Amino acid sequence: MGKHAPEYTLEQIARIATKLDALPKIDKACFGKREAIERLSKSILNVLKRGYSMDDIVASLREEGLHLTASTLRTYLHRTTAKPAKAKPDPPPGPKPRETRPPIPTPLPASRGTFIPREDSDEI
């Protein structure tokens, strides 16, 4: 007995898309440490500019229940402030150029060498 994959009409797909687009945005109420630092990054950077150290900021964050080390704070801040790598531009439309393979090396013909083995000597 074969299984039949369901099929959907354009009308059904459009109705589903309209319904999904109409869903309200859900505001997240709880955040992890990394997300909290992302949201606090502007304030933290401003405090750093005013002369406070990472250790001072970590102490303030701990007082508010956000426990992390200065090293972790540096890492999270670096991730939020680092510029994203530029994406490669899309290739132009049209046929792809054929990939060329490197030529296959052909084995060299065997030749007679000039090395002549000698008997072992007693000298070290």
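A compact table of results
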{"item": "Overall Cα dimensions of segment 8-51 - principal axes, largest extent first, Å", "result": "62, 19, 15"}
{"item": "Ala17 versus Glu38: modelled label distance in nm, points set 7 Å from Cα along the beta carbon direction", "result": "2.8"}
{"item": "Net +/- balance of residues flanking Arg39 in space, Cβ distance below 15 Å, scoring K and R +1, D and E -1", "result": "+1"}
{"item": "Sequence of Ile104, Ile37 once ranked by neighbouring C-beta atoms within 10 Å, starting from the fewest", "result": "Ile104, Ile37"}
{"item": "Residue-wise HN-Hα coupling along segment 54-67, computed from phi with Karplus coefficients 6.51, -1.76, 1.60 (Hz; x: Gly, Pro)", "result": "4, 5, 4, 5, 4, 4, 5, 5, 5, 4, 9, x, 9, 8"}
{"item": "Relative intensity, log₁₀ I(q)/I(0), of segment 36-82 from a Debye sum that treats every alpha carbon as a point, q = 0.21, 0.27, 0.29, 0.33 Å⁻¹", "result": "-0.64, -1.10, -1.26, -1.49"}
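Where a number appears in this text, it was derived from the coordinates with a stated rule and is not lab data. What you see is a predicted model; the values in this text were computed from it and never measured. Positions of Cβ are generated from backbone atoms using ideal geometry, with glycine treated the same way; all protein chains shown enter the neighbour counts.
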